[in-house]
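The values are calculated or read from the model by the stated rules, or taken from the named source; none is laboratory data. Worth saying up front: this structure is predicted, and the values here are computed from it rather than measured. Cβ placement follows ideal geometry from the backbone for every residue including glycine, while neighbour counts extend to all protein chains displayed. Side chains are part of the model used for accessible areas, which takes the heavy atoms of the whole protein and leaves out ligands, DNA and RNA. Shrake-Rupley method; radii C 1.70, N 1.55, O 1.52, S 1.80 Å.
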Amino acid sequence: MKLATFNINGIRSRLPALLAWLEREAPDVVCLQELKAPDAGFPEAEINRAGYGAIWHGQTSWNGVAILAKDAQPVETRRGLPGDPDDTHSRYIEAAVEGLLIGCLYLPNGNPQPGPKFDYKLAWFERLIAYAKKLLDSGHPVVLAGDYNVVPTDFDIYNPRSWLKDALLQPESRECYARLLKQGWTDALRVRFPDEQVFTFWDYFRQHWQRNSGLRIDHLLLNGQVAAMMRDAGVDRWVRGEPHASDHAPTWVVLDLEARAVNVKKTAVKKTAVKKTAVKKTAVKKTAVKKTAVKKTAVKKTAVKKTAARRSAA
DNA sequence: ATGTCCACTGGAAGTGGA
């Protein structure tokens, strides 16, 4: 299963780009952010025609999230992050697909900082951390995917210099992200590329795409069960290079949904193999001992012969 | 501070958000 997150930056104006990407990469599950469209403006028919079922939570002009599933209908399990009934932003939607629980989130940008928007970002983050803990405790295989609007470390940006005052790099933002991970989530892209810079966003300014001046802010967090299923991860960079592109590129993981069952089998096979090897080792050792014994006997025989020869010489 | 793009309002170009 290929599961992707993509900040589409306006689903109506990017619909051709979205459909082209779905056609070429055929992701099985897609988390979309920044629809920038009300519920009624979601292009349901076109997405269905492309072979995807969808659920969405829109909003006029800003925010908006959706989950698509190829040849399937996502089963909605939640819309809206718990913890603040007065929060009107459409930033969280969650569904079950193929036995996985998938949370699609669009974390507040938080600029300018400091200020009420940054406060809202941190408050939203705290709500996410609290809810993520509940998801972990649920025992389900869970993925939390989306635009986190956090550059986790200075390694996740081309050069932090001009972004030092930006909400995406603030120590408070990073501390929240680190605290979330510490609950037991795997940052899929960072685990897949431990020593490489990976970017998912290049803003429209100053030819940042052309210069590969990017940031890594779109993340797929996997709980333990799902992390064990991960086989690959990456970024569909070509999407960012297309005309009229979103400023983000689709970011994805490939999961082996059979991995758990297979792992159990593999472990059994390994145990048998280990036993066989052990038997072989013992056999090899025994043979070696015999050879040594034979050699020793030979040496002894030679020695005996020599002694016998000396004796007769004397 | 700047840079670019989207969507909305209102019926053009300005504004807010990112």
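Numbers for the structure displayed
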read-out	value
Residue check for A:L164: within 16 Å of DNA strand B (Cβ to nearest atom), in contact with a Cys (Cβ under 7 Å, 6 or more places away or on another chain) and either free of Cβ contacts under 8 Å to residues at least 40 places away in the same chain or open to solvent by 10 Å² or more (accessible area, probe 1.4 Å) (or both)	no
Failed criterion for A:P38 (all others in (1) open to solvent by 30 Å² or more (accessible area, probe 1.4 Å); (2) within 11 Å of DNA strand B (Cβ to nearest atom); (3) under 23 Å from A:E242 (Cα atoms) hold)	(3)
Of all residues in segment A:58-94 being of a type in the set (V, I, T) and in contact with a Leu (Cβ under 7 Å, 6 or more places away or on another chain), the one that is nearest to A:A4 (Cα to Cα)	A:V65
Hey, A:D119 closer than 20 Å to A:P171 by Cβ, surrounded by fewer than 17 Cβ atoms within 10 Å (Cβ to Cβ) and out of contact with any Leu (no Cβ under 6 Å at 6 or more places or on another chain) or not	yes
Inter-residue pairs, beta-carbon under 7 Å, first within 22 Å of A:Q33 (Cβ to Cβ) and within 15 Å of DNA strand B (Cβ to nearest atom) and in segment A:183-205, second of a type in the set (K, R) and in a helix (DSSP H, G or I), 6+ apart	A:W202/A:R240
Selected residue (criterion: nearest to A:D28 (Cα to Cα)) from residues of segment A:61-108 that are within 16 Å of DNA strand B (Cβ to nearest atom) and touching a His at 6+ places or on another chain (Cβ under 7 Å)	A:V65
Complete set of residues in segment A:12-35 that are open to solvent by less than 10 Å² (accessible area, probe 1.4 Å), within 11 Å of DNA strand B (Cβ to nearest atom) and aliphatic (A, V, I, L, M)	A:L35
Strands (runs of 3 or more DSSP E) contained entirely in segment A:199-300, each with at least 1 residues that are modelled with pLDDT of 95 or more and touching a His at 6+ places or on another chain (Cβ under 7 Å)	A:218-222
Considering residues of segment A:41-57 that are away from DNA strand B (no atom under 15 Å from the Cβ) and open to solvent by 50 Å² or more (accessible area, probe 1.4 Å) only, the residue nearest to A:R79 (Cα to Cα)	A:E44
